[in-house]
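Student: Below: one structure in structure tokens.
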Amino acid sequence: MTPQAISPSLLRAFFCIGIILAVFFVLHIGQKLIIPFILAVFIWYLINVLSFVIMKLKIGGKSLPAPLRYLASVLLIVGILSIFFSFITKNVSEVVQVAPEYQERFEPMIDKVYSWLPFDEPPPLKEFVAQLDFSGIISKVAGALGSLAGSAGLISIYVLFLFLEQRSFGPKIKAMAGGNTRESEVLKIIAQIDKDTRKYIGIKTLASLTTGLVSYGIMTSVGLDFAAFWALLIFFFNFIPTIGSILATIFPSILALIQFQEPTSIGLIIGGVAATQVLVGNVLEPRFLGNSLNLSPLVILLSLGLWGSLWGVPGMFLCVPITVIAMIICSHFPQTRPIAVLLSGNGKIKGVS
């Protein structure tokens, strides 16, 4: 086939594929700089949202001045992050110390589970467990958290420059739009992205907090070790679609099998945490979140795998907001609207309200 025989549409398709591959390649090799920037954007956005909420709180019939609102938002976020990292560091150290003891109990736990199941030839789990190093796994988790904390300086610089640039965002968007009609459409798209992202973060945070608190109550009442630590992990794992909920159920369940001998305590931990995950994740959360974001479950899983392979755990947390923003943007342009339809759960794309 000669170059003259290649159709323009085919050339455009190859060009788009090349651009997409190049973008993902850059995202992968540049993740050490890009991930802190994405986290900085998230923190910057969260500070603005908190400032907006604080503005609604009237003191003597008046709102706080903008500088005080932003200062209060920054102090609140810094305080929460400091408590989180100190809590995680303290508990990880304690878990590392007792991990060898738990590992010694693992083989008796497998025998106990086998005794409950009708296996003629049980699967060779003992050989697999013997190769596991729980202390090493937990240490790697601590190392990953330490690496994230080590990026705090770079993230802070990014956040500072985002605030310095914040006032120029509006004029830049108007200049890029270059016309009243197009400017209006661009501002509507940005407003829709802000609305849906804020709704997603709010509902997902409330759902994860509810799951963590209920699970903490169940684990504490039964007497599970490190209940607060597992509840905090459950809270964060629930931001990862599907897989996060499974992991949030598996970890406390394994510890319950190791720690307790009586089936009642084990059943309460496994059944209670699993039931909480199902109730919140499959009943309450889709009722408030699923219809608004309208994402296909298959797309969520594919997005989870894609961004998880690119950026690891941070990519798993960010996959849904990234996919939602991509769907909203694609839905507002005729050329990319079919992509938004494919990403949606029922094929119905709502316009900007």
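The values are calculated or read from the model by the stated rules, or taken from the named source; none is laboratory data. The structure presented is a predicted model; accordingly, all values stated were derived computationally and were not measured. Note that each Cβ is placed from the backbone with ideal geometry, even for glycine, and that neighbours are counted across all protein chains shown.
Student: Please work out if Glu183 is of a type in the set (Asp, Glu), assigned to a helix (DSSP H, G or I), modelled with pLDDT of 75 or more and more than 30 Å from Ser265 (Cβ to Cβ). Outline the logic, then answer.
Tutor: On the way: of a type in the set (Asp, Glu): yes; assigned to a helix (DSSP H, G or I): yes; modelled with pLDDT of 75 or more: no; more than 30 Å from Ser265 (Cβ to Cβ): yes.
When the stated conditions are applied, Glu183 does not pass them.
Student: For the structure I just gave you, tell me whether Ile17 is surrounded by 14 or more Cβ atoms within 10 Å (Cβ to Cβ) and under 16 Å from Leu306 (Cβ atoms).
Tutor: Values: surrounded by 14 or more Cβ atoms within 10 Å (Cβ to Cβ): no; under 16 Å from Leu306 (Cβ atoms): yes.
No, not satisfied.
Student: Then there is this: Tally the residues that are assigned to a helix (DSSP H, G or I) and touching a helix residue (DSSP H, G or I) at 6+ places or on another chain (Cβ under 7 Å), restricting the search to the stretch 233-256. Give the steps one after another, and end with the answer.
Tutor: Kept after step one, since they are assigned to a helix (DSSP H, G or I), are these residues of the stretch 233-256: 233-237, 243-256.
Pick out the ones that are also touching a helix residue (DSSP H, G or I) at 6+ places or on another chain (Cβ under 7 Å) and you get 233-235, 237, 243-245, 247-249, 251-253, 256.
Summing the residues that are assigned to a helix (DSSP H, G or I) and touching a helix residue (DSSP H, G or I) at 6+ places or on another chain (Cβ under 7 Å) in the stretch 233-256 gives 14.
Student: Moving on. Could you give every pair whose Cβ atoms fall below 9 Å, whose first residue belongs to the stretch 162-183 and is over 30 Å from Val74 (Cβ atoms), and whose second residue is modelled with pLDDT under 65 and surrounded by 12 or more Cβ atoms within 10 Å (Cβ to Cβ), counting only separations of at least 6 or pairs across chains?
Tutor: Glu183/Ala177
Student: When residues of the stretch 195-226 are filtered for being over 17 Å from the mean Cα position of the chain (by Cα) and either under 15 Å from Met316 (Cβ atoms) or modelled with pLDDT under 85 (or both), how many remain? Write out each step before concluding.
Tutor: Residues of the stretch 195-226 over 17 Å from the mean Cα position of the chain (by Cα): 195, 213-226.
If we keep only those that are either under 15 Å from Met316 (Cβ atoms) or modelled with pLDDT under 85 (or both) as well, we get 195, 225-226.
Number satisfying all stated conditions: 3.
Student: Could I ask something else about it? Please go through the stretch 54-65 and give me each residue that is at negative phi and surrounded by fewer than 11 Cβ atoms within 10 Å (Cβ to Cβ), ordered by number. So that I can check it myself, show each step before the final result.
Tutor: Residues of the stretch 54-65 at negative phi: 54-59, 62-65.
Within the stretch 54-65, Lys56, Leu57, Lys58, Ile59, Lys62, Pro65 meet the criteria.
Conditions (1) surrounded by 14 or more Cβ atoms within 10 Å (Cβ to Cβ); (2) at pLDDT 85 or above; (3) assigned to a helix (DSSP H, G or I), marked per residue:
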residue: Ile266; (1), (2), (3): yes, no, yes
residue: Val273; (1), (2), (3): yes, yes, yes
residue: Gln277; (1), (2), (3): yes, yes, yes
residue: Glu285; (1), (2), (3): yes, no, yes
residue: Ser292; (1), (2), (3): yes, no, yes
residue: Leu298; (1), (2), (3): no, no, yes
residue: Leu301; (1), (2), (3): yes, no, yes
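Student: Another question, then. Given the conditions (1) part of a helix (DSSP H, G or I); (2) of a type in the set (Asp, Glu); (3) buried (at least 16 other Cβ atoms within 10 Å of the Cβ), and given that Asp194 satisfies all but one, which numbered condition is not satisfied?
Tutor: (3)
Student: Name the residue that is nearest to the chain's Cα centre (by Cα), counting only residues in the stretch 227-254 that are farther than 20 Å from Arg287 by Cα and polar (S, T, N, Q).
Tutor: Per the criteria, the residue is Thr249.
Student: If you check Ile38, Ile47, which single one turns out to be of a type in the set (Val, Ile, Thr), touching a Phe, Trp or Tyr at 6+ places or on another chain (Cβ under 7 Å) and either crowded, with 17+ Cβ neighbours inside 10 Å or closer than 21 Å to Phe317 by Cβ (or both)? Give the steps one after another, and end with the answer.
Tutor: Working: Ile38 fails: touching a Phe, Trp or Tyr at 6+ places or on another chain (Cβ under 7 Å).
Exactly one residue qualifies, and that residue is Ile47.
Student: Checking Leu213 against (1) assigned by TED's automatic domain parsing to the domain that holds Gly281; (2) farther than 23 Å from Leu304 by Cα; (3) in a helix (DSSP H, G or I); (4) in contact (Cβ under 8 Å) with a residue 24 or more places away in the chain, only one condition comes out false. Which one?
Tutor: (4)
Student: In addition: Can you pull out every residue in the stretch 313-335 that is in a loop (DSSP other than H, G, I, E, B) and touching an Asp or Glu at 6+ places or on another chain (Cβ under 8 Å)?
Tutor: If we filter the stretch 313-335 for residues that are in a loop (DSSP other than H, G, I, E, B), which is where we start, we get 332-335.
Once the filter is applied, which keeps residues that are in a loop (DSSP other than H, G, I, E, B) and touching an Asp or Glu at 6+ places or on another chain (Cβ under 8 Å), the stretch 313-335 yields only His332.
Student: Every residue in the stretch 47-78 that is at pLDDT below 80, in a helix (DSSP H, G or I) and among the charged types (D, E, K, R), please.
Tutor: Lys56
Student: Which members of the stretch 223-237 meet the condition of being surrounded by 19 or more Cβ atoms within 10 Å (Cβ to Cβ) and among the aliphatic types (A, V, I, L, M)?
Tutor: If the condition is that a residue be surrounded by 19 or more Cβ atoms within 10 Å (Cβ to Cβ) and among the aliphatic types (A, V, I, L, M), then Leu224, Ala227, Ala231, Leu233, Ile234 are the ones that fit.
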